[in-house]
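Asker: Okay, handing you the structure first.
Derivation of every value follows stated rules applied to the coordinates shown; laboratory data play no part. What you are looking at is a predicted structure, and each value in this text was computed from that prediction instead of being measured. Every residue, glycine as well, gets a Cβ built from its backbone with ideal geometry; the counts of neighbours run over all protein chains shown.
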Amino acid sequence: MKDYLINLSRMQKRMLLILIDAISISLALWLALSIRQDSLFSFSDGYVLTGANEYQLYLILMLAVLIKIPALVAFRLYRSITRYISIETYVKITKASSIGTLLWASIVYSMQLPVPRSVFIIFFVVSTLFLFLTRYTARAFLTQQTINNMRSVLIYGTSQESIEISSMLKNNNNIHPVGFITTDIDLKRTMISDLPVYTINDLNRITSKKNVEEILITFSDQTKNKLKEILSNLNSYHKIIRKLPNIKELASGTIKISQIEKINIEDLLGRDAVKPNEYLLTACIENKSVFITGAGGSIGSELCRQIIRLKPRKIIMLEQSEYFLYEIDRELSEIQNNHNTSIEISSYMGSVSDENLVKTIFEKESIDTIYHAAANKHVPLVEHNPISAIKNNIFGTHTVAHQAYKNNVENFVLISSDKAVRPTNIMGATKRFAEIILQSLQDVVNDLPANKCKTKYCMVRFGNVLDTSGSVVPLFKKQIESGGPLTVTDPRVIRYFMTISEATELVIQAGSLSKGGDVFLLDMGEPLNILDLAHEMIKLSGKEIKDKSNPAGDIEIKFTGLRSGEKLYEELLIGDDVAKTSHDYIMSANEEKLPYDEMTACIGKLKSLDNKSSINQIKDVLYESVSGYNPYNSENVIKLNK
């Protein structure tokens, strides 16, 4: 029956509802007359009460139906979908019933038909209630489904958004809201939108009694600090917490199960998005030709995505991986098509250490800004392949930076790393030497006449970026999916984290702040213990930690020991000379550097190395070239610089 009614055409549904309303209005008038008479009313002898004959009584009845139904039509009540009616629908019914009753009463009086005045009032009340009841009954019937087949959910918070979400869920055939959950004790045992309000202390009892499968977090509660607070309050319920989309995005007025998502670790790490400085974002990009090296990598590809939306004249990409270059080239083309833009894109496949290729690119292209993201950055791999890292991170940087100098490029931004600070590994040492190259070249530029070269070199240091290929987060995700164990090098290891989009946005803004030779440091926020991160990711996945206190748990955490060259703590600043900039999250450091001649002499020594050189020979040359490099202290516990 339910399926039959749902499958009727719109016109058939409207005609059926009009028929039901006509019957309800007729019944309401009969009931009003019966109440007034204090006994069952009969139209055949109704003159006893009203003084009207049978014909007049049926005329009064017909007028009630013919006047009230058009009033309901005028308020578009037959266009509402019965399954999704809300409080607004009942307000409309009240207004339509009031106007219909007044018109009916006026016509009855004008025709001098004898009807007691109290009947009009009783009829209005009863007919309105009947109109409510028919729609409520129809809605309950059409939406009824066995509760056992629906997902029982609690809604966190009692904000207006939470209330609107609850109204949407009441129209859902798959999700059954059983109440709100709050930390406000004063709201205990109250009702909001016909749903009970429970406190955090009631959770254990309610989740069991109501068989709650999910606790839903509304969009307004999804700031990182707010989410952390909620997860702290709901510490034992992480595996059933879900987030909802922005209510403004729910144009249909309904919520689909696919729109209810798990809380991800990325939702908690880093900071909430901060509105960027539009001038700093566009200063080095808008209407300029922008060259991105390592364009297919995690940072390089995100730079490309953000830069193409900032209206450059042209984007030039260099990437040594054919697959990654193809992917970012295709993605940029899709962005162009979706936004109907015609920015020129050139893609070159090769390495920054290929001098002939780099020289050719600069000869063919007129470049205004360079973002140098190409680098070998995975610490353990670099320790085992030091010559490759030296070629890419040092020689490659020198090649691109030197061509920028020769071709009078306006801006050169190096993507550096916190591992360049007092490095204990080869990757960090090569990145620090890449910084030294730019600092030395900037001194050369500064010594030239003002009209000779305008290149401004700068470097931007930051720590771990979420969802990059070298981040611990995707590693932990894979380990959780495979059933563990999660591998943590040391329980004391602490790292900074930032989202890839925020890091890239800040890199672009930092480049616009450059005056030449700047070492910019990004404020990474609060550091996080990696062991705590592992615990949180296991809990968010719905699993339990397996340890001595819980041997029946799902996923174990194993400590593997610090890898060669790995620090317990990372830092961003070598010395103590740091200054603020016009951007709250970007600082500038003034650090020691090498004269250009000494820098080139060090490059000469590095070029004397090859794959036959021993690891100690390589470390010794880097030790002589990079001040602060300490390859013999792998457990480098250093005071954090903020």
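Asker: Here are some values of log10 I(q)/I(0) by the Debye sum over Cα atoms at q = 0.06, 0.08, 0.11 Å⁻¹: (1) -0.37, -0.65, -1.14; (2) -0.29, -0.53, -1.05; (3) -0.52, -0.75, -1.09. Which one was computed from this structure?
Answerer: For log10 I(q)/I(0) by the Debye sum over Cα atoms at q = 0.06, 0.08, 0.11 Å⁻¹, the calculated option is (3).
Asker: For Phe219 paired with Ile35, estimate the spin-label separation in nm (one decimal), with each label point 7 Å from Cα along the Cα-to-Cβ line.
Answerer: 4.4 nm
Asker: While we're on this one: Students often forget the sequence filter, so: which lysines lie under 19 Å Cα-Cα from Lys228 once same-chain residues fewer than 8 apart are removed?
Answerer: Here the lysines satisfying the reach criterion relative to Lys228 are Lys239, Lys243, Lys262, Lys539, Lys543.
Asker: Give me Ser26, Ser512, Ser342 ranked fewest to most by other Cβ atoms within 10 Å of their Cβ, as a rough exposure proxy.
Answerer: On the way: Ser26 16, Ser512 20, Ser342 6.
Least to most surrounded, the residues fall as Ser342, Ser26, Ser512.
Asker: Which trypsin sites (Lys or Arg not before Pro) in the range 520-553 sit in a loop by DSSP (not H, G, I, E or B) and have at most 10 other Cβ atoms within 10 Å of their own Cβ?
Answerer: Qualifying residues, ordered by number: Lys548.
Asker: Separate question: Tell me the relative contact order for the chain as a rounded percent, counting alpha carbon contacts under 8 Å between residues six or more apart. Mind showing how you got there, number by number?
Answerer: Values: 1074 pairs, mean separation 61.3, N = 642.
Computed value for the chain: 10 percent relative contact order.
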